[in-house]
Amino acid sequence: KLFNTALARYSALLVGCSSLLVGFSTHAEQSSTAQKPNVIVFYVDDLGYGDISPNGAKGVSTPNLDVLASKGVSFSDAHSTASTCTPSRYSLLTGEHGFRQNAAILAGDAPALIRPGKATLPSMLQKAGYTTGVVGKWHLGLGDGSVDWNKDVKPGPLEIGFDYSFLLPATGDRVPTVYLENHSVVDLEDTDPIEVSYDHKVGNRPTGVENPELLRMKADLQHSQTIVNGVSRIGSMRGGESALWVDEEFPDVFTEKAVNFIEKNKEDPFFLFFSFQDIHVPRLPNERFKGKSTMGPRGDAIVQMDWMVGRLMQELTTQGVADNTLVIFTSDNGPVLDDGYDDNAAEMLGEHTPAGPLRGGKYSIFEGGTRVPMIVYWPGKTAHTRSNALISQIDIYASLANLVKQPLAEEEAIDSLDVMDAFLGQTQSARTYLLEESAGTVALRKNNWKYIQAISKDKGLPDWLGNKDIEMGFELTPQLFDLTDDVNEQTNRAGQYPKLVNALEQKTQQLIKN
Ligand code: NG6
Ligand code: CA
């Protein structure tokens with residue numbers, strides 16, 4: 001297992017050397033001469049492959065991403081590891097598949113999933129001399145089991161490698177609906193302590209179930225508990241009135257925190273994980289973005305997200321660090337229209353296809369679940385190109401480690417490969433094999449083959465997804481697609497290629513074991 005990983009890292013290194021021989025300047029060469037670059041990961045929530053202009057969006061325009069794509073590398077086959085948030089984020093930050101830790105969508109009061117002592121992308125960068133920060137959505141759990149929001153909330157990001165954190169603790173649709181800066185809830189008053197529960201009602205704030213007349217947006221049953229800012233949420237919360245967030249302020253609050261972080265750390269190399277609430281539900285864009293797309297709140301949230309990217313890119317220039325900053329823009333999973341609130345996302349779609357040419361989306365094991373937008377830009381270092389390299393966010397860890405010359409321990413980032421040359425657009429070859437995950441089910445890409453494991457009989461759709469328009473892609477028999485001429489995964493060729501199915505099943509099992 002370890003040998004394989006080492007071998008893969010070594011061969012990726014050889015690719016780097018050979019490109020050096022033919023006269024490319026590689027990252028290895030650059031980092032010995034240049035200062036270590038700042039790194040920003042823009043991590044959008046639930047943004048589909050087709051949701052941005054560079055990938056053909058119709059109902060919305062994203063001018064700031066157009067600029068990024070016109071200068072950097074824009075990928076057509078880049079993946080999150082999973083089709084939901086928590087496992088994807090887990091993989092990005094640990095270089096390890098979510099299923100190794102049974103990572104599933106977490107409640108808003110779940111304990112920290114990445115435990116102190118675990119090597120992480122930010123802790124690796126800290127060792128390499130970086131100052132590290134996370135701003136935005138977390139959704140990786142906090143605390144040790146029964147988190148007390150009125151005391152120091154830990155362990156959290158600061159215990160696993162971040163020097164600074166400003167968080168939305170779980171998701172926009174989950175309580176507690178407060179910001180957490182480092183260990184403390186922002187603007188909390190001692191006289192009004194917070195209590196959160198995911199199994200019974202606490203306090204007497206109105207709920208969506210009891211007072212639907214107070215709602216600005218209709219919601220399904222799971223999203224019909226405590227009402228905050230006119231929107232019912234998942235989970236129950238009392239107290240913390242002075243600390244409650246206002247959803248419409250997210251774009252300004254989060255960009256301001258990020259601006260401050262950049263300003264404070266511009267002299268040293270920094271790593272910023274900028275994790276959007278957009279375009280997750282509830283979609284409540286700021287007034288100035290309302291009506292800026294033809295698709296209602298979901299499209300307007302995309303415009304807002306694009307503005308935030310532009311705002312921070314501009315700040316890099318203002319602070320004089322743009323030329324030395326490596327920017328990675330991507331999403332945690334594919335798109336979803338109805339995710340619990342009635343905001344007309346499906347009705348207002350028009351010609352727009354959120355997953356582009358792909359089948360499925362968020363929650364799905366089809367390509368639309370994990371194949372997401374990715375743009376990488378590092379002035380003067382990235383090629384200006386579109387790349388069809390098969391690439392995974394899980395590889396950011398080992399690739400950056402090599403870039404900053406930080407050796408990895410044997411048990412560190414075990415699923416991560418150094419494919420920095422592919423990230424920089426210097427080669428179009430990255431992975432041969434890539435695992436995709438959805439609710440514990442896995443699929444394997446081998447180049448353009450896509451193999452989806454059969455699910456066992458007892459494992460059907462999770463109840464709460466049953467009545468939604470979501471194609472999970474789960475079948476009781478194996479599925480095999482040839483994406484070369486069937487990127488929409490329509491024709492199951494498993495019956496035609498039994499030997500290949502068998503080989504891909506063996507390979508899947510081997511990779512899962514690692
Ligand atoms: C689901 C929620 C959904 C969303 C998702 C997490 C229900 C019915 N649905 O459980 O609305 O919050 O969790 O999304 O409760 S993710 O992008 O963070 O994975
Ligand atoms: Ca998500």
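Where a number appears in this text, it was derived from the coordinates with a stated rule and is not lab data. If you're wondering where the values come from, they're calculated on a predicted model, not measured in any experiment. Backbone-built Cβ (ideal geometry, glycine too); neighbour counts: all protein chains shown.
Summary table
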item	result
From phi via Karplus (6.51, -1.76, 1.60), per-residue ³J(HN,Hα) for the range 101-117 in Hz, x at Gly/Pro	10, 6, 6, 10, 3, 9, 5, x, 10, 6, x, 4, 7, 8, 7, x, x
10 Å Cβ shell holding at most 16 others, DSSP loop, GluC sites (Glu not before Pro): longest site-free stretch of the chain	1-188
Where labels lie 7 Å past Cα in the beta-carbon direction, separation of Val186 and Asp469 in nm	3.6
Cross-link table Lys257/Lys362; Lys118/Lys507; Lys71/Lys381, entries beyond 22 Å C-alpha to C-alpha	Lys257/Lys362; Lys118/Lys507
Integer Hz, Karplus 6.51/-1.76/1.60 couplings in order for the range 407-412, x for Gly and Pro	x, 9, 5, 4, 8, 8
Cut-off under 5 Å, modelled amide H: who pairs with Arg386 long-range	Ser74
Distant-in-sequence amide H partners of Met374 (H built 1.01 Å from N, under 5 Å)	Phe75
12 Å beta-carbon shell around Gly350, net charge (K/R +1, D/E -1)	0
Cβ-based charge dipole, the chain, positive-most Cα from Leu504, Leu167, Gly133	Leu504
Longest to shortest principal axis, alpha-carbon extents of the range 277-370, angstrom	43, 33, 23
For Ser331, net neighbour charge (Lys/Arg +1, Asp/Glu -1) across residues whose Cβ lies under 11 Å away	-3
Nonlocal amide H pairs with Leu326, under 5 Å, H built at 1.01 Å	Asn38, Val39, Ile40
About the Cα centre, charge dipole magnitude for the chain (Lys/Arg +1, Asp/Glu -1 at Cβ), debye	1520
Cβ-based charge dipole, the range 337-411, positive-most Cα from Ser392, Leu408, Ile365	Leu408
Helical segments meeting 15 Å axial Cα length and Kyte-Doolittle -1.0 threshold in the chain (DSSP H)	2-21, 250-265, 297-318, 498-513
Most positive-pole-ward Cα, Gln490, Gly473, Thr294, against dipole of the chain from beta carbon charges	Gln490
Cα centre as origin, Lys/Arg/Asp/Glu Cβ charges: the range 332-422 dipole, Debye	500
Cβ-defined net charge surrounding Ala57, 14 Å radius [Lys, Arg +1; Asp, Glu -1]	-2
Label-point separation, Ala409 to Asn344 (7 Å along Cα→Cβ), nm	5.4
Total charge dipole magnitude, the range 229-386, about the Cα centre, Cβ charges on Lys, Arg, Asp, Glu only, Debye to nearest 20	400
